Amino acid sequence: MAILATVVAALAAALHVLIFVMESIGWSKPRVWRRFGVSDQATADATRPMAYNQGFYNLFLAIGTVVGLVLWWMTDAATTVAGFTLVVFALASMLAAAVVLVTSGARYLRPALIQGTLPAIGLVLTIIAGASAGAAAAAV
């Protein structure tokens with residue numbers, strides 16, 4: 001279960017890196033800002049600072065997930081617990097951001113599902129894997 005959780009969490013991190021690239025690097029390209037529902041170049045230019053900032057939030061969540069995954073797979077018990085905790089926090093934050101996005105209006109349901117599905121699945125799998133590992137450790 002931990003391997004599956006790791007794969008899904010890594011995919012969630014990769015998706016958030018892609019979102020970072022679109023928002024913080026490629027925002028001025030029409031094919032990018034149109035994906036986010038922006039209708040014209042003037043609006044894209046006006047929202048560029050917000051998109052730039054928001055992209056970095058996505059990058060930081062991805063970095064937290066990757067660092068957490070690396071620590072989770074370390075053999076030292078304290079490091080493993082810290083890594084597990086960081087993965088859970090980062091995935092939960094990604095999921096919470098998707099929930100907040102959908103509260104902005106029904107038109108954001110699809111983007112919220114894209115943004116939140118992998119983190120939701122990864123979070124559930126990570127918690128199950130952590131509970132399984134905890135039960136196995138207690139049995140020893």
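Values in this text are rule-based calculations from the coordinates and carry no lab data. Everything quoted here is computed from the prediction, not taken from an experiment. Using ideal geometry, Cβ is built from the backbone for each residue, glycine included, and neighbour counts are taken over all protein chains shown.
For this structure, a couple of remarks:
- Cα→Cβ-extended label distance, 7 Å offset, between ALA106 and VAL124, nm: 2.6
- Helix-derived mean residue ellipticity, 222 nm - over the chain, DSSP H n ≥ 4, -39500 (n - 2.57), to 500: -28000 deg cm²/dmol
- Shape call, region 46-132: gyration tensor on alpha carbons, a/c limit 1.5: oblate
- Max mean-square fluctuation residue, GNM over the chain, Cα-Cα springs under 10 Å, options THR80, THR43, THR126: THR43
- Per-residue HN-Hα couplings for region 23-35 [Karplus 6.51, -1.76, 1.60; θ = phi - 60°; Hz; x = Gly/Pro]: 6, 9, 10, x, 4, 6, 8, x, 5, 7, 5, 5, 4
- Treating each Cα of region 23-80 as one equal point scatterer and applying the Debye formula with no solvent, the log10 of I(q)/I(0) at q = 0.29, 0.30 Å⁻¹ comes out as -1.06, -1.10.
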